[in-house]
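Note sheet for the following structure.
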Amino acid sequence: MTLNDCRDYPAVLPKRNFANREQLHPAMFEAGLGNRGRYEAGSIELMKELALRGLGVAFMTRVGLEAELDSGRLIHVPLLRNRGPIYSELGLFARANTALPFAAEVFANGIRDALAVAGEADVRV
């Protein structure tokens with residue numbers, strides 16, 4: 001599915017402080033959609049609720065939608081840009097040239113392991 005395929009539906013967009021908004025924004029301009037978001041949400045829960053209520057198409061990752069995807073209440077359709085999927089980057093950021101605090105390292109390893117089990121590509125710690 002491309003962004004042009006979504007042209008006739010109200011868009012539910014993440015606020016600009018979401019990492020995936022940085023990836024989505026240029027793609028929307030390339031598709032001639034500019035700032036056509038009808039709703040802008042600052043939380044995954046709000047985006048999910050707007051989509052569940054049929055108020056628009058939410059542009060987001062699968063993170064936080066597991067129960068709704070498993071139950072069939074929502075579907076995830078990857079977007080294509082230039083004939084390839086738009087990937088979102090998940091990151092844990094820390095100060096350069098220092099060791100991660102123990103809790104952050106355990107958390108990062110847990111994310112890496114969960115994504116590896118889920119079959120996600122390019123998992124690095």
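Things to note:
- Solvent exposure of residue 28, expressed as accessible area, is near 10 Å², computed with a probe of 1.4 Å over the protein chains only.
- With all protein chains modelled, accessible area of residue 63 [1.4 Å, Å²]: 90 Å²
- Accessible area per residue, Å², the chain with all protein chains present, probe 1.4 Å: 71 Å²
- Sites counted here are GluC sites (Glu not before Pro) in a DSSP loop (not H, G, I, E or B) having no more than 16 other Cβ atoms within 10 Å; the longest part of the chain that contains none of them is 1-88.
- Kirkwood-based shape ratio for the chain, expressed as Rg/Rh from alpha carbons: 1.00
- Zone residues, the range 49-71, relative to residue 114, backbone N less than 19 Å from point 7 Å out along Cα-to-Cβ: 60-71
- Sites residue 95 and residue 61, calculated FRET efficiency, Cβ-Cβ separation with R0 41 Å, nearest 0.05: 0.95
The values are calculated or read from the model by the stated rules, or taken from the named source; none is laboratory data. Just so it is clear, the structure is predicted and the values come from calculations on it, not from any experiment. Neighbour counts run over all protein chains shown; Cβ positions are idealised from the backbone, glycine included. The area values use the complete protein model at the heavy-atom level, side chains included, leaving out ligands, DNA and RNA. Shrake-Rupley method; radii C 1.70, N 1.55, O 1.52, S 1.80 Å.
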